[in-house]
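Engineer: Have a look at this one before I ask anything.
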Amino acid sequence: MQRRFEPARTSDGHTIEVVMNINQPKELESALELGGEGVGLMRTEFLYLESDHIPSEDEQERAYRAMAEALGDKPLIIRTLDIGGDKEVAYLNLQKEENAFLGTRGIRLCFCREDLFLPQLRAICRVAKDHKNVKVMFPMIATMADWRRAKGLLDQVAAEVGLDHMPVGVMIEVPSAALIAEQLAAEVAFFSVGTNDLTQYTLAMDRMNAELAPQTDPLHPAVLQLIHRSAQAINGVGKWIGVCGGLAGDRLGALVLVGLGVRELSVSPKEVVRIKDGLKAVSFAKLSQLAHQALTLADGDQVRELFRRELNL
Ligand code: PEP
Ligand code: MG
């Protein structure tokens with residue numbers, strides 16, 4: 001088998017799934033050639049951002065179906081709409097917010113705009129009925145009430161469509177979600193950590209602020225603590241945790257995440273081989289030891305320094 005298609009297995013036999021962040025079916029064919037084992041994050045808001053009108057339920061269904069079909073048996077994780085924050089859709093005429101990242105974004109907007117959310121859920125369920133590789137996840141979950149409300153709406157739509165099963169997960173990108181991970185883990189099928197948002201909300205540093213960029217560090221031990229906590233909670237009930245934020249595509253970051261118990265990394269297609277190679281070169285036992293040590297350090301630079309020194313990176 002060509003190297004890029006081999007699974008990412010550490011030297012002591014621990015396998016990590018390396019999948020891709022892909023938004024559009026047209027990107028998929030060439031991306032699969034780069035060795036990704038499926039799609040871990042389809043940002044569906046791009047269907048809205050790249051259109052001049054609200055994509056109809058049928059248009060959405062076509063896009064999700066094309067992705068699911070092209071993937072065959074490989075997984076497809078569709079994330080429901082995450083509009084708001086940095087992602088503005090002019091034709092929706094949403095109210096300007098003082099603090100958009102702390103405002104009505106992601107799942108919160110979907111609750112206010114069922115006219116957007118329900119057709120999307122119907123389109124996803126219609127495709128999931130024919131394609132067992134489809135999973136769905138909700139962005140910006142902050143409370144149990146968020147999760148239960150989103151899942152309740154999805155269950156209603158699934159019943160209407162005649163879909164009996166689809167794995168449903170949540171993104172861990174708001175610190176409160178990580179702090180109630182045990183409760184969430186009991187009800188969801190999986191977690192996917194959005195390190196871009198989890199970092200900005202944990203450190204209270206706007207991810208778009210260039211001046212703060214050097215300090216907005218996803219390897220800060222405070223962020224790692226939240227990921228570790230989430231991993232323990234979900235692995236403890238025999239389910240899995242992935243990461244689809246930027247840290248998963250960083251070679252050193254991926255090693256830290258795997259050491260914390262992450263089982264799936266969703267990265268940009270061009271990073272797949274590098275991330276797989278990085279994992280093949282190390283043992284899980286060592287990563288686990290180093291990642292636990294990292295939790296006690298003072299900042300992200302110390303974490304990088306520890307991994308570089310101990311693994312000769
Ligand atoms: C994240 O927050 O890390 C994430 C994957 O979602 P987005 O970047 O689309 O907010
Ligand atoms: Mg996010």
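The values are calculated or read from the model by the stated rules, or taken from the named source; none is laboratory data. A quick note: this is a predicted structure, and the numbers were derived from the prediction, not measured. Glycine gets a Cβ as well: all are built from the backbone with ideal geometry, and neighbour counts include every protein chain shown. Only protein heavy atoms, including side chains, enter the accessible area calculation; ligands, DNA and RNA are left aside. Shrake-Rupley method; radii C 1.70, N 1.55, O 1.52, S 1.80 Å.
Engineer: Sort out which residues of the stretch 92-111 are assigned to a loop (DSSP other than H, G, I, E, B) and either aliphatic (A, V, I, L, M) or more than 12 Å from residue 137 (Cβ to Cβ) (or both), and write them in order of number.
Structural biologist: 93, 94, 95, 96, 97, 98, 99, 103, 104, 105
Engineer: Out of 94, 153, report the one residue that is at pLDDT below 95, hydrophobic (A, V, I, L, M, F, W, C) and either away from ligand 2 (no atom under 16 Å from the Cβ) or open to solvent by less than 10 Å² (accessible area, probe 1.4 Å) (or both).
Structural biologist: 94
Engineer: Determine, yes or no, whether residue 55 is more than 16 Å from ligand 1 (Cβ to nearest atom), part of a loop (DSSP other than H, G, I, E, B) and touching a helix residue (DSSP H, G or I) at 6+ places or on another chain (Cβ under 7 Å).
Structural biologist: Yes: the conditions hold for residue 55.
Engineer: Here's something else I'd like to know. May I ask you to list the residues in the stretch 156-176 that are touching a helix residue (DSSP H, G or I) at 6+ places or on another chain (Cβ under 8 Å) and away from ligand 2 (no atom under 16 Å from the Cβ)?
Structural biologist: Within the stretch 156-176, 157, 158, 160, 161, 162, 163, 164, 166, 168 meet the criteria.
Engineer: Within the group 254, 248, which residue is in a helix (DSSP H, G or I), closer than 12 Å to residue 21 by Cβ, modelled with pLDDT of 95 or more and open to solvent by less than 10 Å² (accessible area, probe 1.4 Å)?
Structural biologist: Within the list 254, 248, the selection yields 248.
Engineer: Consider residue 102 against the criteria (1) surrounded by 17 or more Cβ atoms within 10 Å (Cβ to Cβ); (2) within 16 Å of ligand 1 (Cβ to nearest atom): it satisfies all of them except one. Which criterion is unmet?
Structural biologist: For residue 102, the exception is condition (1).
Engineer: Let me ask something else. Restricting attention to the stretch 210-219, does a residue exist that is away from ligand 2 (no atom under 16 Å from the Cβ), assigned to a strand (DSSP E or B) and in contact (Cβ under 8 Å) with a residue 12 or more places away in the chain?
Structural biologist: No, the conditions are met nowhere in the stretch 210-219.
Engineer: When you check residue 195 against the structure, is it open to solvent by 40 Å² or more (accessible area, probe 1.4 Å), hydroxyl-bearing (Ser, Thr, Tyr) and within 16 Å of ligand 1 (Cβ to nearest atom), yes or no?
Structural biologist: So residue 195 does not fit the description; no.
Engineer: If we keep just the residues of the stretch 68-91 that are in a helix (DSSP H, G or I) and modelled with pLDDT of 95 or more, which is surrounded by the fewest Cβ atoms within 10 Å (Cβ to Cβ)?
Structural biologist: My answer is 69.
Engineer: Return yes or no: is residue 115 in a loop (DSSP other than H, G, I, E, B), more than 26 Å from residue 265 (Cα to Cα) and acidic (Asp, Glu)?
Structural biologist: The answer is no for residue 115.
Engineer: Looking only at the stretch 157-179, filter to residues that are under 19 Å from residue 108 (Cβ atoms) and open to solvent by 40 Å² or more (accessible area, probe 1.4 Å); which one of those is farthest from ligand 1 (Cβ to nearest atom)?
Structural biologist: Restricting to residues being under 19 Å from residue 108 (Cβ atoms) and open to solvent by 40 Å² or more (accessible area, probe 1.4 Å), the top hit is 179.
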